[in-house]
Amino acid sequence: MKKMKIDLSNLDEIFPEDFSQEQIAKAKTFFLKELAKRTHKYYGGKIQTAPKAGVFGFNWFNVWYTPGVSKISTTIRENNDASFELSNRGNLVAVVSDSTRVLGDGDCTPPGGLGVMEGKAFLMKYLGGVDAIALCVKSDNEKGEKDPDKIIEFVKMVEPSFGAINLEDISQPNCFKVLDTLREECDIPVWHDDAQGTACVTLAGLINALKLAEKKIEDVKIVMLGAGASNTTIARLIIAAGGNPKNMMLFDSKGGLHNDREDIKSDPRFYRKWELCQKTNPDKIKEFPEACKGADVMIALSKPGPDTVKPEWISSMADKSIVFTCANPVPEIYPYAAKDAGAFIVATGRGDFPNQVNNSLGFPGILKGALMVRARGVTDNMAIAAARSLANYAEKRGITPENIIPTMDEATVFPEEAADVAMQAIKDGVARIEMMRQEAFEIAKKDIEYARNMTQSLMKEGFIPDPPDEILQESIKWAIEQVK
């Protein structure tokens with residue numbers, strides 16, 4: 001077995017030389033899952049709480065707690081907005097989920113979502129300089145049904161402690177009611193990352209993919225496989241950014257969305273899907289393979305693959321076709337297979353393939369931008385501004401069919417995105433405070449550098465130890481065994 005670097009930079013090279021592309025793709029998935037299990041157990045999760053103020057002598061306990069802290073409480077009592085600057089509220093996000101749709105694994109029970117929610121908190125801190133807490137909650141009512149009102153009530157109860165709310169992994173259709181209600185009734189940003197976050201980053205990738213394909217968003221034919229929270233929001237954002245809904249078709253498990261879908265119309269919980277039924281697919285095409293013929297763009301967020309999308313469907317698409325297959329943890333078709341079928345540009349949700357279209361590029365910068373101006377909400381314009389910010393950043397440093405969007409290790413993309421979002425919040429009239437773009441950029445840059453440097457210092461000093469080599473080796477061994 002080959003020795004592996006701890007930075008995982010040689011991921012494609014650690015498996016047997018006689019493995020096919022498909023075997024390597026499968027082995028990487030097995031390896032990353034097994035390594036995640038072993039390292040999470042080793043570290044006991046991946047987030048901790050640490051002070052950001054010092055203890056400079058005994059009496060500083062009396063400053064940070066009683067009697068000194070009483071001045072903080074009474075000041076905030078007189079002006080609740082003072083909580084944003086006198087506590088950590090101004091830079092603190094609650095990551096809220098009932099864990100009913102975790103990645104491609106479905107309902108994992110509330111505690112089962114902690115790994116993902118801690119992951120959001122981890123990325124929020126390291127990429128965006130934002131503190132976050134994972135809050136996985138029970139949403140069952142007295143009848144044992146998943147009740148969106150339970151989540152709504154919970155978020156409204158904890159709102160005074162946070163600067164923003166990140167909703168995550170709430171199943172359809174409850175996710176729509178939860179987000180739309182809280183956006184109206186909360187006085188802080190409420191962001192559904194599976195929906196708005198995925199939509200924002202997908203739009204960013206699509207903008208640059210269309211530039212390379214020399215096509216315009218208002219002209220292209222777009223087919224979308226899956227009509228859950230992510231794809232319905234992607235469709236809505238594409239339309240808001242200039243896409244023509246008459247050139248768009250969405251498909252769920254029962255076929256095409258169109259205005260004859262009485263099953264959707266009759267269920268008020270699916271009002272977001274019904275809106276798209278009325279706007280898209282005027283020819284009422286029922287089958288996805290038929291819709292793919294001559295399509296310029298395919299966006300799939302549906303059942304994990306690798307055989308969900310067939311190569312022949314891609315082969316039937318237009319010249320210079322763009323294929324986003326973003327199911328997690330395994331895309332609907334592997335990138336090499338989509339390329340072999342004729343796709344010009346292929347993107348997935350995974351970082352071990354080119355063109356990772358993942359909401360991790362969105363939420364750290366978007367929420368940082370919203371928090372800096374103490375926004376009262378996140379508008380669709382702010383999401384579109386973030387998408388254009390990401391696309392512009394990538395275009396300035398150069399884009400190719402294998403590199404259409406920034407990656408998470410491009411640190412400067414996040415303060416740029418945060419600054420653009422902050423400016424849009426001010427323009428949209430949802431900001432409590434105003435600042436110039438350069439000021440916003442410098443604040444975000446400073447906070448992100450602080451978070452990154454703190455993590456690197458903890459690693460350097462041994463407070464965050466390297467994972468033992470045997471964990472990596474056993475994970476590789478296990479993955480190879482599963483594929484063989």
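Tally time: how many residues in region 234-278 are more than 26 Å from the chain's Cα centre (by Cα), touching a residue at least 40 places away in the same chain (Cβ under 8 Å) and surrounded by 14 or more Cβ atoms within 10 Å (Cβ to Cβ)?
Number satisfying all stated conditions: 0.
Just to check your reading of the model, which residue among GLU410, GLU481 is more than 19 Å from ALA375 (Cβ to Cβ), exposed (fewer than 13 other Cβ atoms within 10 Å of the Cβ), in contact with a helix residue (DSSP H, G or I) (Cβ under 9 Å, 6 or more places away or on another chain) and not hydrophobic (A, V, I, L, M, F, W, C)?
Working: GLU410 fails: exposed (fewer than 13 other Cβ atoms within 10 Å of the Cβ).
Just a single option satisfies the conditions, and that option is GLU481.
Between a residue in region 48-71 that is part of a loop (DSSP other than H, G, I, E, B) and any residue that is surrounded by 10 or more Cβ atoms within 10 Å (Cβ to Cβ) and at pLDDT 95 or above, which pairs come within a Cβ distance under 6 Å, given they are 6 or more apart or on different chains?
GLY68/ASN62
Quick one: which of ALA419, ALA444, ALA440 is touching a Ser or Thr at 6+ places or on another chain (Cβ under 9 Å), farther than 30 Å from SER321 by Cβ and buried (at least 19 other Cβ atoms within 10 Å of the Cβ)? Walk me through it before giving the result.
Details: ALA444 fails: touching a Ser or Thr at 6+ places or on another chain (Cβ under 9 Å); ALA440 fails: touching a Ser or Thr at 6+ places or on another chain (Cβ under 9 Å).
Of ALA419, ALA444, ALA440, the one residue that is touching a Ser or Thr at 6+ places or on another chain (Cβ under 9 Å), farther than 30 Å from SER321 by Cβ and buried (at least 19 other Cβ atoms within 10 Å of the Cβ) is ALA419.
State all residues of region 300-352 that are under 26 Å from PHE31 (Cα atoms) and among the hydroxyl-bearing types (Ser, Thr, Tyr); if no residue qualifies, say none.
SER302, THR308, THR325, TYR334, TYR336, THR348
With respect to THR198, determine if the residue is closer than 30 Å to ARG432 by Cβ, in a helix (DSSP H, G or I) and in contact (Cβ under 8 Å) with a residue 60 or more places away in the chain. Steps first, please.
Numbers: closer than 30 Å to ARG432 by Cβ: yes; in a helix (DSSP H, G or I): yes; in contact (Cβ under 8 Å) with a residue 60 or more places away in the chain: yes.
When the stated conditions are applied, THR198 passes them.
Which of (1) in contact with a Ser or Thr (Cβ under 8 Å, 6 or more places away or on another chain); (2) of a type in the set (Val, Ile, Thr); (3) outside any loop (DSSP other than H, G, I, E, B) is the odd one out, the single condition ILE170 does not satisfy?
Looking at each condition in turn, ILE170 falls short on (3).
Quickly run through region 352-361 and pick out the residues that are closer than 26 Å to GLU13 by Cα, in contact with an Asp or Glu (Cβ under 6 Å, 6 or more places away or on another chain) and assigned to a helix (DSSP H, G or I). Break it down into steps so the answer makes sense when it comes.
Step one: filter region 352-361 for residues closer than 26 Å to GLU13 by Cα, giving 352-358, 360.
Restricting the remaining residues to those that are in contact with an Asp or Glu (Cβ under 6 Å, 6 or more places away or on another chain) gives 354.
Within region 352-361, none qualify.
It is to be established whether one or more residues within region 283-300 are in contact (Cβ under 8 Å) with a residue 40 or more places away in the chain, within 21 Å of ASN355 (Cβ to Cβ) and part of a loop (DSSP other than H, G, I, E, B). Walk me through how you get there before you give the answer.
Here is the first cut: in region 283-300, the residues in contact (Cβ under 8 Å) with a residue 40 or more places away in the chain are 288, 291-292, 294-300.
Checking which are within 21 Å of ASN355 (Cβ to Cβ) leaves us with 292, 295-300.
Now restrict to residues that are part of a loop (DSSP other than H, G, I, E, B): 295-296.
Within region 283-300, one or more residues are in contact (Cβ under 8 Å) with a residue 40 or more places away in the chain, within 21 Å of ASN355 (Cβ to Cβ) and part of a loop (DSSP other than H, G, I, E, B).
Go through the residues of region 95-106 one by one and say whether even a single one is surrounded by 15 or more Cβ atoms within 10 Å (Cβ to Cβ), assigned to a helix (DSSP H, G or I) and not charged (D, E, K, R).
Checking region 95-106: not a single residue is surrounded by 15 or more Cβ atoms within 10 Å (Cβ to Cβ), assigned to a helix (DSSP H, G or I) and not charged (D, E, K, R).
Give me the pairs, please: first residue somewhere in region 113-138 and more than 19 Å from PRO415 (Cβ to Cβ), second residue anywhere and among the basic types (Lys, Arg) and crowded, with 20+ Cβ neighbours inside 10 Å, beta-carbon distance under 8 Å, and either six or more positions apart or on two chains.
Listed by first residue and then by second, the contacts come to ALA134/LYS120.
Among the listed residues LYS41, LYS52, which satisfies the condition of being charged (D, E, K, R) and modelled with pLDDT of 95 or more?
Details: LYS52 fails: modelled with pLDDT of 95 or more.
On inspection, the qualifying residue turns out to be LYS41.
The values are calculated or read from the model by the stated rules, or taken from the named source; none is laboratory data. Fair warning: this is a prediction, and the values are worked out from it, not measured in the lab. Heads up, the Cβs are rebuilt from the backbone with ideal geometry, glycines too, and the neighbour counts pull from every protein chain shown.
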